[in-house]
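Contents: one structure, followed by commentary.
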Amino acid sequence: MRGAGMSGPARPVPLGNEPPEGIVSEQRRAARMSLANTETQRRTWWRENQQRLTPYIFLIPGVLFFLVYVIIPIFESFWLSGFDWDGLGEKQWIGFANYQELFDDDAFYTSLKNNVLWLVLYMFAVPAGLGIAIFLNQKVRLIRAYKSLFFFPFVISQVVVGLIFAWFYAPNFGLFYLLLEWATGSGIAVLADPDLVTYGIIAAGLWPQIAYCMILYLTGLNAVDPEQIEAARLDAAKGFKMLWYVILPQLRPATFMAVVVTVIGALRSFDLVSIMTDGGPFGSSRVLSFYMYEQALSEYGYRMGYGAAIAVILFLIMMVFISGFIWKMVDDERRGL
Amino acid sequence: MRSMLYVSISAIAVVAAAASQAGTVKYYGDFDPAPLAAMQEVIADFEAANPGITVEFQNFDHEGYKTSIRNFLTAEPPDLANWYAGNRMAPFVNSGQFMDVSDVWEENGLKEALASALPSMTIDGKQWGVPYTYYQWGIYYNKEAYDQVGAKVPETWDEFIANCALFQEAGIDCVTTGTKALWPGAGIFDYMNLRTNGYDFHMALANGEVPWTDDRVKATFAEWAKLVEPGYITANHAALDWQDAAALLVQGKAANYVMGNFAVAVFKDGGMTDDTLGFMAFPTINPDVPRAEDAPTDTVHIPSGATNVEDAKKFLAYLASPEAQTKINAAMGQLPINKDASVNQDDPFIAAGFELLSTTPGGIAQFFDRDAPAEMAKIGMEGFQQFMVQPDQLDNILERLEKARGRIYK
């Protein structure tokens with residue numbers, strides 16, 4: 001980067017219409033040199049370190065916002081979880097009492113169980129997305145239109161997805177209910193049944209999530225090397241073996257992304273629960289994020305400390321996955337993958 | 001020179017602030033369109049009667065209002081704000097967010113005129129706001145369904161249950177409800193408990209003075225079980241909104257609905273008329289307890305941070321007057337609290353409600369989620385919903401509520 005235009009320390013500083021160097025007395029020359037030196041030094045400190053500093057300067061706004069909106073609130077949550085506070089009155093320090101109560105709270109275990117269910121069943125979106133992506137990865141007329149139809153559920157808002165499925169399951173007029181009634185003689189109101197309700201909501205959540213994984217895999221499939229496939233063909237690989245040994249290894253980055261977004265999506269599941277059941281019937285479809293909202297911010301809540309305690313637990317669970325992902329990314333980078 | 005400029009600018013600012021303050025009352029509320037229009041008329045009348053005072057009204061939607069009130073009361077309080085009576089206002093009173101307005105009650109004789117709402121507006125012997133409307137709860141029924149099975153409108157609980165058997169035979173839900181939002185179930189509980197144990201016990205329970213595992217509470221649920229166990233209540237109510245259940249009543253698939261008077265508009269939108277829609281007081285269960293009713297009251301308060309308290313109090317006094325209450329309640333289709341206000345006698349439901357509440361000997365409860373503290377209300381209403389789905393879980397439910405009681409009322 002150091003071009004000719006930049007002044008190094010050796011280059012004399014032009015000083016207007018001064019006479020040529022030889023005529024200048026020694027004294028003046030010395031004085032001028034020292035002046036030039038300080039000036040160049042000041043300018044070069046910045047110039048010399050510019051490249052090193054620039055990234056940090058550009059990082060400052062991002063880091064600042066990340067600190068204010070993410071890192072500091074995390075520690076505030078830890079801090080707040082030690083208080084009994086309704087958000088208006090005086091905070092009262094109660095130490096670990098919130099956690100004690102939490103571990104003795106049936107609603108917490110229901111939420112935790114549902115979160116595990118979400119995590120496990122949501123993973124179905126990854127293979128399903130892969131299947132649809134492979135199915136759609138062909139060259140026929142209007143394939144773009146088909147692709148966008150499959151992608152459609154991811155584009156619409158989660159709130160709309162929740163409403164559509166709530167009507168789908170609705171007793172007396174919902175399509176699913178009527179279908180069951182027609183097939184078996186008696187309909188099941190999924191969202192009113194404490195044992196089925198979480199599965200019903202997860203199914204609704206899978207609809208857009210599969211579309212998301214599908215799009216990740218579709219872009220991944222574009223990058224698959226056709227020569228390798230050809231080579232595999234020559235070696236008589238086909239069907240599942242082709243998929244498993246030739247295609248999938250090349251889709252590793254897509255798989256990684258799909259797993260990450262699905263895990264995070266499962267842990268943040270909130271909108272669908274809120275829209276479809278409001279945590280009901282009698283709290284059987286709650287997940288941790290919804291329970292936290294209910295306790296801290298909903299109409300009947302305002303237990304900030306208790307909500308913060310739930311947030312801390314949810315954070316710790318997420319931390320397990322997040323550290324795993326980060327460790328894997330760092331590891332991949334080190335191995336140059 | 002510079003400092004003089006500074007001073008004069010701040011002087012102008014002070015004068016401007018004072019000018020906008022003197023005679024301006026900032027009022028935040030949450031009204032539906034029809035009541036909003038009525039409130040604006042009331043405001044206009046008030047301004048005409050008090051030249052020099054202008055009311056700046058700002059409307060919010062209900063749900064948004066419930067969340068934002070906590071913010072604006074502390075950050076930028078208006079001079080007047082809508083809220084609710086009973087325990088629902090307790091958090092704001094206890095944290096010093098609402099102003100004591102006992103003097104408004106005293107000076108305007110409101111303890112007489114608004115007597116029916118006095119207990120629900122009083123905390124620590126002081127009044128914290130002015131009520132302007134309430135509405136009755138009771139049983140709305142489909143007259144055609146009654147005719148179809150040949151049932152008579154019941155007076156007592158036994159007759160009511162006997163009717164249910166007739167409805168079940170005809171494939172009609174005896175009682176419908178939609179508990180997706182939980183609160184409709186609390187209406188049924190309130191009446192079960194008010195009719196079985198009476199007003200004083202009900203309030204003691206809501207205030208956490210009686211354990212939920214008490215035998216009297218169990219007696220209430222035993223009466224309720226007479227509806228639940230034979231399947232007289234609409235199945236799948238946990239997945240229904242209250243409007244969905246209203247549709248069942250309109251279609252004649254259900255006979256009775258324990259609801260508040262605001263539901264009448266929904267029934268009539270669905271095609272019911274005064275000839276097909278009936279209203280009755282909840283039947284007597286225990287003849288020894290005086291009849292008590294649920295009538296949730298809406299109120300206006302002065303936040304402690306209000307800047308124009310004097311004029312805000314004038315407005316509260318005006319809002320309590322018979323003229324203002326007559327006007328706004330005519331538009332809302334609800335009941336005025338001022339005993340000298342008049343109601344629209346042409347509306348049979350309003351007339352019935354006025355009659356019902358003004359003759360209540362036992363006392364007027366607010367509603368479970370306003371009488372009990374918010375947390376208890378939430379856990380309680382979940383318990384009621386669960387009881388109506390899984391009546392065999394009653395002991396677990398009551399134990400859970402009792403555990404919550406031990407924690408919430410400290």
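Readers should treat all values here as calculations from the given coordinates under stated rules, not as data from a laboratory. Predicted model, so just to flag it, every value in this text is computed and none were measured. Cβ coordinates were reconstructed from backbone atoms using ideal geometry, including for glycine residues, and neighbour counts include every protein chain displayed.
Some points to look at:
- The amide H of residue B:254, built 1.01 Å from its N in the peptide plane, has B:173, B:249 as neighbours under 5 Å, considering only residues 5 or more places off or on other chains.
- Cα shape, chain A, gyration tensor, a/c 1.5 rule: oblate
- Footprinting exposure proxy for A:139, B:111, B:314 (fewest neighbouring C-beta atoms within 10 Å first): A:139, B:111, B:314
- Under 5 Å, built H, 5+ apart or other chain: amide partners of residue B:365: B:293, B:294, B:295
- Cα-based shape type of region A:102-251, given that a ≥ b ≥ c are square roots of the gyration tensor eigenvalues and the cut on a/c is 1.5: prolate
- Normalised by the number of residues in region A:96-334, the mean separation of alpha-carbon contacts (under 8 Å, six or more apart) gives a relative contact order of 28 percent.
- Placing unit charges on the Cβ atoms only, positive for Lys and Arg and negative for Asp and Glu, gives region B:44-109 a dipole magnitude near 400 debye about its Cα centre.
- Loop-located trypsin sites (Lys or Arg not before Pro) across region B:58-92 with a Cβ neighbour count of 13 or fewer within 10 Å are lacking, with loop assigned by DSSP.
- Listed residues A:249, A:163, A:307: farthest to the positive end of the dipole of region A:96-334 (Cβ charges): A:249
- Residue order for B:161, A:143, B:233, fewest other beta carbons within 10 angstrom first, comes to A:143, B:161, B:233.
- A Cβ-based charge dipole, computed about the Cα centre of the protein assembly as shown with Lys and Arg at +1 and Asp and Glu at -1, lands at about 4640 debye.
- Degrees, to the nearest 10: B:33-49 long Cα axis against longest axis of chain B: 40
- Taking a straight Cα-Cα cut-off under 21 Å and skipping sequence neighbours fewer than 8 places away in the same chain, the lysines within cross-link reach of residue A:139 are A:147, A:238.
- Rounded to the nearest whole Hz, the Karplus-based 3J(HN,Hα) values (6.51 cos²θ - 1.76 cosθ + 1.60, θ = phi - 60°) of region A:120-127 follow the sequence 6, 6, 5, 4, 4, 4, 5, x, with x at glycine and proline.
- Close amide H contacts of residue B:25 (hydrogens built in the peptide plane, cut-off under 5 Å, sequence separation of 5 or more or a different chain): B:54, B:55, B:56.
- Label-point separation in nm, residue A:323 to residue B:402, each point 7 Å along Cα→Cβ: 4.2
- Of all the options A:275, A:264, A:60, the one that moves most in a Gaussian network model of chain A with Cα springs shorter than 10 angstrom is A:60.
- Loop sites by DSSP among the GluC sites (Glu not before Pro) of chain A, restricted to those with at most 16 other Cβ atoms within 10 angstrom, leave A:91-298 as the longest stretch without any of them.
- In chain A, taking the dipole from charged Cβ atoms about the Cα centre, the farthest positive-side position among A:229, A:45, A:212 is held by A:45.
- Those lysines that a straight Cα-Cα span of less than 24 Å connects to residue A:91, excepting residues fewer than 8 apart in one chain: B:66, B:378, B:403, B:410
- Residue order, fewest to most surrounding Cβ atoms within 10 angstrom, among B:409, A:212, A:217: B:409, A:212, A:217
- Highest mean packing first, where packing is the average number of other Cβ atoms within 10 Å per residue, the peptides B:127-139, A:111-123 line up as B:127-139, A:111-123.
- Cα gyration tensor shape for the protein assembly as shown, rounded if a/c is under 1.5, else prolate or oblate: oblate
- Partners for residue B:152 among aspartates and glutamates (Cα-Cα distance below 18 Å; same-chain residues under 8 apart left out): B:144, B:169, B:173, B:274, B:275
- In the elastic network of chain B, a GNM with C-alpha springs shorter than 10 Å, the most mobile of B:218, B:143, B:152 is B:152.
- Restricting region A:208-304 to trypsin sites (Lys or Arg not before Pro) in coil, as DSSP defines it, with at most 16 other Cβ within 10 Å: A:238, A:268
- Dipole of region A:96-334 [Lys/Arg +1, Asp/Glu -1 at C-beta], most positive-end residue of A:150, A:122, A:182: A:150
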